[in-house]
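To start, the structure under review is shown below, and the notes come after it.
The values are calculated or read from the model by the stated rules, or taken from the named source; none is laboratory data. Not measured: the values here are computed from a predicted model. Note that each Cβ is placed from the backbone with ideal geometry, even for glycine, and that neighbours are counted across all protein chains shown. What goes into the accessible areas is simple: the full protein's heavy atoms, side chains included, and nothing from ligands, DNA or RNA. Shrake-Rupley method; radii C 1.70, N 1.55, O 1.52, S 1.80 Å.
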Amino acid sequence: MAVDGPAGSGKSTVSRLLASALAAAYLDTGAMYRAVTLAVLRAGVDLADPEGVTKVAHEASLTCGTDPLAPSIQLDGDDVAQAIRTAEVTSAVSAVSAVPAVRQLLVARQRQIIEEARAIVVEGRDIGAVVAPEAQLKVFLTASAEERARRRSGENSVAADLTAADLARRDRLDSTRAVDPLRRTDDAVELDTTAMDIDTVVATLRELVTTRL
Ligand code: C5P
């Protein structure tokens, strides 16, 4: 199952709960782009140097746990689950994820993880369109820009206007990049979660799984 959508649309929480309810695995592809970004920042490589960024991506060893109750990500053997959520990584990740060779590398890893799983819920920006066009069910989650900023600032205790500016910037970069931009495919079910709480979104998607699969 592919779950795509912009930042703050509720993808992560919903995908984890759904995977857990369905006894399926869970993959957060955004965490993979964030881990490569962390490696780039740690290596002191210029974000505007695609060859340097690509080299770091090839040398980085990523391990992604797919248990929805305990998702984990390791970079070169270190648990980086917290380190990939800093403001520094968040503001650099769109530049790194726009490098075609980085996407090629991570999409191949993601497909490998999907192939190894019996059933899996995968969340990201290009899952339905690029990573798993053959997914049995594709969902595109949206929410108003104000609601998404409110959710994110609640998570990070950052002022909502700062979060809103960061989200708007990331939305613009992620939707307008040349390679695999965020987009809804024609066969995806779009769900606007602005006025829905998490439980309602999960219940709606479970219903969809029951009727569609
Ligand atoms: O989902 P999250 O907000 O953690 O994703 C971080 C960033 O990773 C996004 O802003 C986007 O630039 C990139 N990303 C991507 N393709 C994906 C998942 C995430 O380009 N499938």
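What is the percent carbon and sulfur in the accessible area of the stretch 6-91, measuring with a 1.4 Å probe over the protein chains and ignoring ligands?
On the way: 1930 of 3810 Å².
Roughly 51 percent of what the probe reaches on the stretch 6-91 is carbon or sulfur.
What share of Cα pairs, in percent, lie more than 33 angstrom apart in the chain? Display every interim value, and only then the final one.
Details: 2057 of 22578 pairs.
That fraction is 9 percent.
Given Cβ point charges of +1 (Lys, Arg) and -1 (Asp, Glu) and nothing else, what value in debye, to the nearest 20, does the dipole of the chain about its Cα centre take?
120 debye
Inverting the mean 1/r over all pairs of different Cα atoms, compute the Kirkwood radius of the stretch 1-126 and quote it in Å.
Details: mean 1/r = 0.0681 Å⁻¹.
About 14.7 Å for the stretch 1-126.
Between helix 198-212 and the chain, what is the angle of the helix's C-alpha long axis to the longest principal axis, kept within 0 to 90° and rounded to the nearest 10?
On a 0 to 90 degree scale, this one is about 70.
Helix-derived [θ] at 222 nm for the chain: sum -39500 (n - 2.57) over DSSP H runs of at least 4, divide by residue count, nearest 500?
Working: 8 runs with 108 residues, N = 213.
Helix-only estimate at 222 nm: -16000 deg cm²/dmol.
Work from the charge dipole of the stretch 16-66 (Cβ charges, +1 for Lys and Arg, -1 for Asp and Glu, about the Cα centre) and give the residue of P50, L17, Y33 farthest towards its positive end.
L17
Can you tell me, using C-alpha contacts under 8 Å and at least 6 residues apart, the relative contact order of the chain as a whole percent? Numbers along the way, then the final one.
Working: 332 pairs, mean separation 67.9, N = 213.
Normalised by residue count, the contact order of the chain is 32 percent.
Against the longest principal axis of the chain, how steep is helix 87-97, in degrees 0 to 90 to the nearest 10, with axes from Cα atoms?
Roughly 90 degrees, rounded to the nearest 10.
T210 versus T63, label points 7 Å from Cα toward the beta carbon: distance in nm?
Each label point lies 7 Å from its Cα, and together they span 3.9 nm.
Which ³J(HN,Hα) values, rounded to whole Hz and listed in residue order, are derived for the stretch 146-153 from phi using the Karplus coefficients 6.51, -1.76 and 1.60 in 6.51 cos²θ - 1.76 cosθ + 1.60 with θ = phi - 60°, glycine and proline given as x?
Coupling constants for the stretch 146-153: 5, 5, 5, 5, 4, 4, 5, 5 Hz.
At 1.4 Å probe size, put D4, D76, D180 in order of accessible surface, largest to smallest.
Working: D4 10, D76 95, D180 40 Å².
Putting D4, D76, D180 in descending order of accessible area: D76, D180, D4.
Pull up all non-local amide H partners of K138: gap of 5 or more, or a different chain, and H-to-H distance under 5 Å with H placed in the peptide plane.
Hits under the 5 Å cutoff: A2, V189.
To the nearest 10 degrees, how steep is helix 100-116 against the longest Cα principal axis of the chain, on a 0 to 90 scale?
40 degrees
Compute the signed sum of charges (Lys and Arg +1, Asp and Glu -1) over the other residues within less than 13 Å, Cβ to Cβ, of K55. Don't skip to the answer; put the middle values down first.
Working: positive: none; negative: D46, D49, E51, E59.
With Lys, Arg at +1 and Asp, Glu at -1, the neighbours total -4.
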